[in-house]
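Chemist: Structure below; questions to follow.
The values are calculated or read from the model by the stated rules, or taken from the named source; none is laboratory data. The shown structure was predicted, so the numbers you read here are calculated from the model rather than taken from an experiment. FYI the Cβ positions are ideal-geometry reconstructions off the backbone, even for glycines, and counts take in every protein chain you see. We work out accessible area using only protein heavy atoms, side chains counted, and drop any ligands, DNA or RNA first. Shrake-Rupley method; radii C 1.70, N 1.55, O 1.52, S 1.80 Å.
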Amino acid sequence: MVDDHFAQQLKARRKNSSLTQQQLADKLNVSRKTISGWETGRNRPDIDILRQMAKIYHISLDQLVSDADKVDQNQNSGIIRFTRNSLVVMLAIIIAERVTQYSTRAGFLLADILIFWILGLRILASRKGIRRIHSLKSDLFLGAYIIFVIVAIVSAYVYVFNMGFGLQYGIGFSGYLGLLNLFLIFRHKFELK
(Lines give C-alpha, C1' and ligand atoms only; values in the text may rest on other atoms or scores of the structure.)
Protein backbone atom coordinates (compact mmCIF):
# COMPACT_ATOMS: atom_id res chain seq x y z
CA MET A 1 0.00 0.00 0.00
CA VAL A 2 1.38 3.41 -0.96
CA ASP A 3 1.62 6.01 1.79
CA ASP A 4 0.86 9.22 -0.11
CA HIS A 5 1.09 11.30 3.05
CA PHE A 6 4.70 10.28 3.71
CA ALA A 7 5.65 10.90 0.08
CA GLN A 8 4.02 14.34 0.12
CA GLN A 9 5.78 15.12 3.38
CA LEU A 10 9.18 14.26 1.89
CA LYS A 11 8.43 16.53 -1.06
CA ALA A 12 7.24 19.36 1.20
CA ARG A 13 10.36 19.12 3.39
CA ARG A 14 12.57 19.29 0.29
CA LYS A 15 10.72 22.29 -1.09
CA ASN A 16 10.73 24.08 2.29
CA SER A 17 14.51 23.69 2.27
CA SER A 18 14.62 25.26 -1.23
CA LEU A 19 16.23 22.20 -2.76
CA THR A 20 15.56 20.71 -6.16
CA GLN A 21 15.34 16.96 -6.55
CA GLN A 22 18.75 16.99 -8.23
CA GLN A 23 20.36 19.02 -5.42
CA LEU A 24 18.98 16.63 -2.80
CA ALA A 25 20.06 13.64 -4.88
CA ASP A 26 23.60 15.04 -5.07
CA LYS A 27 23.73 15.51 -1.30
CA LEU A 28 22.49 11.97 -0.68
CA ASN A 29 24.57 10.37 -3.47
CA VAL A 30 21.51 8.91 -5.18
CA SER A 31 19.87 9.60 -8.52
CA ARG A 32 17.19 12.20 -9.15
CA LYS A 33 14.88 9.36 -10.20
CA THR A 34 15.28 7.83 -6.75
CA ILE A 35 14.16 11.09 -5.12
CA SER A 36 11.22 11.23 -7.53
CA GLY A 37 10.28 7.68 -6.58
CA TRP A 38 10.22 8.57 -2.89
CA GLU A 39 8.12 11.67 -3.51
CA THR A 40 5.57 9.84 -5.63
CA GLY A 41 5.30 6.94 -3.18
CA ARG A 42 6.63 4.28 -5.55
CA ASN A 43 9.32 3.35 -3.02
CA ARG A 44 10.76 4.50 0.30
CA PRO A 45 14.19 5.55 1.50
CA ASP A 46 16.05 3.31 3.94
CA ILE A 47 16.84 4.39 7.48
CA ASP A 48 20.36 5.61 6.70
CA ILE A 49 19.05 7.89 3.94
CA LEU A 50 16.31 9.17 6.27
CA ARG A 51 18.98 10.06 8.86
CA GLN A 52 20.96 11.96 6.21
CA MET A 53 17.81 13.78 5.09
CA ALA A 54 17.00 14.77 8.68
CA LYS A 55 20.51 16.17 9.02
CA ILE A 56 20.17 18.11 5.74
CA TYR A 57 16.83 19.58 6.84
CA HIS A 58 18.15 20.32 10.38
CA ILE A 59 15.39 18.35 12.05
CA SER A 60 15.21 15.14 14.05
CA LEU A 61 14.49 11.81 12.42
CA ASP A 62 11.21 11.69 14.35
CA GLN A 63 10.16 15.03 12.86
CA LEU A 64 10.98 13.78 9.38
CA VAL A 65 8.87 10.64 9.63
CA SER A 66 6.08 12.14 11.78
CA ASP A 67 3.20 14.23 10.52
CA ALA A 68 4.90 17.52 9.58
CA ASP A 69 1.87 19.70 10.30
CA LYS A 70 1.44 18.31 13.81
CA VAL A 71 5.15 18.57 14.62
CA ASP A 72 5.42 22.15 13.33
CA GLN A 73 2.21 23.11 15.07
CA ASN A 74 3.39 21.67 18.40
CA GLN A 75 6.77 23.37 18.15
CA ASN A 76 5.37 26.75 17.19
CA SER A 77 2.14 26.77 19.19
CA GLY A 78 3.55 28.71 22.16
CA ILE A 79 5.20 31.45 20.12
CA ILE A 80 2.21 31.69 17.77
CA ARG A 81 -0.15 32.03 20.73
CA PHE A 82 2.08 34.70 22.31
CA THR A 83 2.27 36.59 19.00
CA ARG A 84 -1.49 36.52 18.53
CA ASN A 85 -2.08 37.68 22.10
CA SER A 86 0.54 40.43 21.79
CA LEU A 87 -1.14 41.74 18.65
CA VAL A 88 -4.53 41.77 20.39
CA VAL A 89 -3.08 43.64 23.39
CA MET A 90 -1.35 46.19 21.14
CA LEU A 91 -4.57 46.65 19.20
CA ALA A 92 -6.60 47.16 22.38
CA ILE A 93 -4.11 49.68 23.79
CA ILE A 94 -3.96 51.80 20.67
CA ILE A 95 -7.75 51.74 20.18
CA ALA A 96 -8.31 52.69 23.83
CA GLU A 97 -5.80 55.54 23.60
CA ARG A 98 -7.25 56.64 20.26
CA VAL A 99 -10.75 56.85 21.72
CA THR A 100 -9.93 58.37 25.11
CA GLN A 101 -7.08 60.79 24.44
CA TYR A 102 -6.94 64.24 22.98
CA SER A 103 -4.59 64.66 20.03
CA THR A 104 -4.10 66.46 16.75
CA ARG A 105 -5.73 65.24 13.58
CA ALA A 106 -2.38 63.93 12.36
CA GLY A 107 -1.87 62.07 15.65
CA PHE A 108 -5.25 60.38 15.26
CA LEU A 109 -4.40 59.50 11.66
CA LEU A 110 -1.16 57.86 12.81
CA ALA A 111 -3.10 55.88 15.44
CA ASP A 112 -5.65 54.81 12.79
CA ILE A 113 -2.88 53.65 10.45
CA LEU A 114 -1.26 51.66 13.25
CA ILE A 115 -4.61 50.10 14.16
CA PHE A 116 -5.13 48.88 10.59
CA TRP A 117 -1.50 47.74 10.46
CA ILE A 118 -2.00 45.59 13.56
CA LEU A 119 -5.26 44.21 12.16
CA GLY A 120 -3.37 43.15 9.02
CA LEU A 121 -0.67 41.49 11.12
CA ARG A 122 -3.32 39.73 13.19
CA ILE A 123 -4.97 38.39 10.04
CA LEU A 124 -1.60 37.06 8.86
CA ALA A 125 -1.11 35.44 12.28
CA SER A 126 -4.56 33.83 12.15
CA ARG A 127 -4.93 30.12 11.53
CA LYS A 128 -5.74 30.64 7.87
CA GLY A 129 -2.82 33.02 7.44
CA ILE A 130 -0.41 30.60 9.05
CA ARG A 131 -1.60 27.78 6.83
CA ARG A 132 -1.07 29.82 3.70
CA ILE A 133 2.23 31.57 4.42
CA HIS A 134 3.42 30.30 7.82
CA SER A 135 3.51 33.81 9.19
CA LEU A 136 6.27 33.40 11.75
CA LYS A 137 8.72 32.46 9.01
CA SER A 138 7.37 34.56 6.17
CA ASP A 139 9.25 37.63 5.02
CA LEU A 140 5.92 39.43 4.51
CA PHE A 141 4.84 39.01 8.13
CA LEU A 142 8.25 39.71 9.66
CA GLY A 143 8.89 42.72 7.42
CA ALA A 144 5.50 44.25 8.19
CA TYR A 145 5.96 43.56 11.90
CA ILE A 146 9.44 45.14 11.95
CA ILE A 147 8.14 48.24 10.13
CA PHE A 148 5.26 48.54 12.62
CA VAL A 149 7.66 48.34 15.58
CA ILE A 150 10.01 50.93 14.10
CA VAL A 151 7.19 53.35 13.27
CA ALA A 152 5.58 52.94 16.71
CA ILE A 153 8.79 53.39 18.70
CA VAL A 154 10.19 56.25 16.61
CA SER A 155 6.92 58.17 16.45
CA ALA A 156 6.46 57.86 20.22
CA TYR A 157 10.06 58.78 20.92
CA VAL A 158 10.11 61.93 18.78
CA TYR A 159 6.57 62.87 19.86
CA VAL A 160 5.49 63.09 16.25
CA PHE A 161 2.48 65.29 15.42
CA ASN A 162 2.26 66.49 19.05
CA MET A 163 0.02 63.52 19.66
CA GLY A 164 -0.64 63.91 23.36
CA PHE A 165 0.97 62.01 26.22
CA GLY A 166 -1.59 59.19 26.47
CA LEU A 167 -1.46 58.39 22.77
CA GLN A 168 2.32 58.69 22.78
CA TYR A 169 2.56 56.30 25.73
CA GLY A 170 0.15 53.77 24.19
CA ILE A 171 1.89 53.74 20.82
CA GLY A 172 5.32 53.54 22.47
CA PHE A 173 4.26 50.68 24.74
CA SER A 174 2.82 48.81 21.76
CA GLY A 175 6.07 49.30 19.87
CA TYR A 176 8.16 47.93 22.74
CA LEU A 177 5.80 44.98 23.21
CA GLY A 178 6.16 44.27 19.49
CA LEU A 179 9.96 44.51 19.84
CA LEU A 180 9.89 41.94 22.63
CA ASN A 181 7.69 39.70 20.52
CA LEU A 182 10.02 40.02 17.51
CA PHE A 183 12.98 39.11 19.73
CA LEU A 184 11.17 35.95 20.85
CA ILE A 185 10.17 35.07 17.28
CA PHE A 186 13.75 35.40 16.00
CA ARG A 187 15.14 33.51 18.99
CA HIS A 188 12.65 30.70 18.38
CA LYS A 189 13.36 30.73 14.65
CA PHE A 190 17.10 30.31 15.14
CA GLU A 191 16.67 27.67 17.87
CA LEU A 192 14.86 25.45 15.34
CA LYS A 193 17.79 25.64 12.91
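Chemist: Choose one of Y145, V99, I59: the residue whose Cα lies farthest towards the positive end of the charge dipole of the chain (beta-carbon charges +1 Lys, Arg; -1 Asp, Glu; about the Cα centre).
Modeler: Value computed over the given set: I59.
Chemist: May I pose another question? Can you give me the C-alpha center-to-center distance between the stretch 6-50 and the stretch 91-117, rounded to a whole angstrom?
Modeler: 51 Å
Chemist: Could you calculate the FRET efficiency of R105 with N85 from 1/(1 + (r/R0)^6), where r is the beta carbon distance between them and R0 is 45 Å, rounded to 0.05? Working shown, then result.
Modeler: Numbers: r = 32 Å, r/R0 = 0.70.
For R105 and N85, the calculated efficiency is 0.90.
Chemist: Give me the number: length gained by fully extending V65 to R51, i.e. 0.36 nm times residue separation minus the C-alpha to C-alpha distance, one decimal in nm.
Modeler: So the extension gain works out to 4.0 nm.
Chemist: At a Förster radius of 22 Å, what calculated FRET efficiency corresponds to the Cβ-Cβ distance of F190 and Q8, to the nearest 0.05?
Modeler: Rounded to the nearest 0.05, the efficiency is 0.20.
Chemist: Which residues in the stretch 5-22 place their backbone N less than 16 Å from a point set 7 Å from the Cα of H58 along the Cα-to-Cβ direction?
Modeler: Residues passing the 16 Å test: 13-19.
Chemist: Go through K55, K11, K27 and list them by solvent-accessible area, largest first, probe radius 1.4 Å.
Modeler: Ranked list, largest accessible area first: K55, K27, K11.
Chemist: Something else: Given DSSP loops and a limit of at most 14 other Cβ atoms within 10 Å, what is the longest stretch of the chain that contains no such chymotrypsin sites (Phe, Trp or Tyr not before Pro)?
Modeler: 1-101
Chemist: To continue, here is another question. What list of ³J(HN,Hα) values in whole Hz, one per residue of the stretch 35-43 in order, does the Karplus curve 6.51 cos²θ - 1.76 cosθ + 1.60 (θ = phi - 60°) give from phi, with Gly and Pro shown as x?
Modeler: 4, 4, x, 5, 6, 9, x, 5, 8
Chemist: Given K27/K55; K11/K189; K27/K189, which pairs have Cα atoms separated by over 18 Å?
Modeler: K11/K189; K27/K189
Chemist: 222 nm [θ] for the chain, helices only, -39500 (n - 2.57) per DSSP H run of 4+, per residue, to 500?
Modeler: Working: 10 runs with 153 residues, N = 193.
Helices in the chain give a 222 nm mean residue ellipticity of -26000 deg cm²/dmol.
Chemist: Report the gain in length on full extension from D112 to D139: 0.36 nm times residue separation, minus Cα-Cα distance, nm rounded to one decimal.
Modeler: Contour length minus Cα-Cα distance gives 7.3 nm.
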